[in-house]
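Step one of this worksheet: look at the structure below.
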Amino acid sequence: ERKIDLLQKIHRLSDAEKVEQKYIDIPEIRHRVIDGLISRKEFEDAVKCLHEGIDAALKEKHPGIVDQWKKLELEIYEKQGDKPEQISMCRELFISARGSMEYYHKLKLLVPKGDWKGYLKNLLEDAKIKNNVIFGSSILADIFVEEKDSESLYQFIRKQTYDQLIMLDHYSRFVNDD
C-alpha cells in the first residue's frame, strides 16, 4: 500500500494502477481499488471487482472475507437505491450469519408489507436457525417477539430444556395468557 501511495504522490498513476492489479488478491488492496471505483461512482465495475474478490475468497476458504465483500456490495446497492439487490444481499448475509437482527430489520423495511409474513417464513426456513440460546437470548425468539407471534414464541419456549430457565424467564412475558 505504501508503494501505491508513493507512486500516486509522485503522479505515476499508471504505475500505481499496475501495482494494484498485480496485488489485487490482497484484500486491503482490493478494498482500496473498490473504494476508488465507488468514489468515482463506477458502481458496476466495483461490483464486478467485489465478485472477483468473493470468488477468490471462496477458493481460498476465507468466509470472513466473503462476508466483508458482501457487506460492501450491500453498501453499493444502498447508495444506488437498488431495492431488489439490497433484499438479495440482506437475505444472503442473514442466512450466512444464521440469523442477524441487523439484516432482519433491513429486510423488514425493504420487503413490501403484504409479502413480509411469507417472506419471513421462507427466510427462517432457509437460514436453518437452530434453537440456540446464548446468555438467555435467541435470535429466533427475538424475531418472534418483534413479529408479535406469541404462538411461535410459546412453541419455541416449550421445546427448550430445563437448564434454559433464564430464557424462559426472559421471553415468557411476551407470550399471551390465552
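Every number here is computed from the coordinates shown, using simple stated rules; none is lab data. Note that the structure is predicted; figures quoted are calculated from it, not measured.
The figures follow:
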{"read-out": "Over 31 Å between alpha carbons, listed pairs Lys83/Lys159; Lys41/Lys117; Lys70/Lys128; Lys48/Lys117", "value": "Lys83/Lys159; Lys41/Lys117; Lys48/Lys117"}
{"read-out": "³J(HN,Hα), Karplus 6.51/-1.76/1.60, whole Hz, each residue of region 140-154, x for Gly, Pro", "value": "4, 5, 4, 5, 4, 4, 5, 7, 6, 9, 5, 5, 5, 5, 4"}
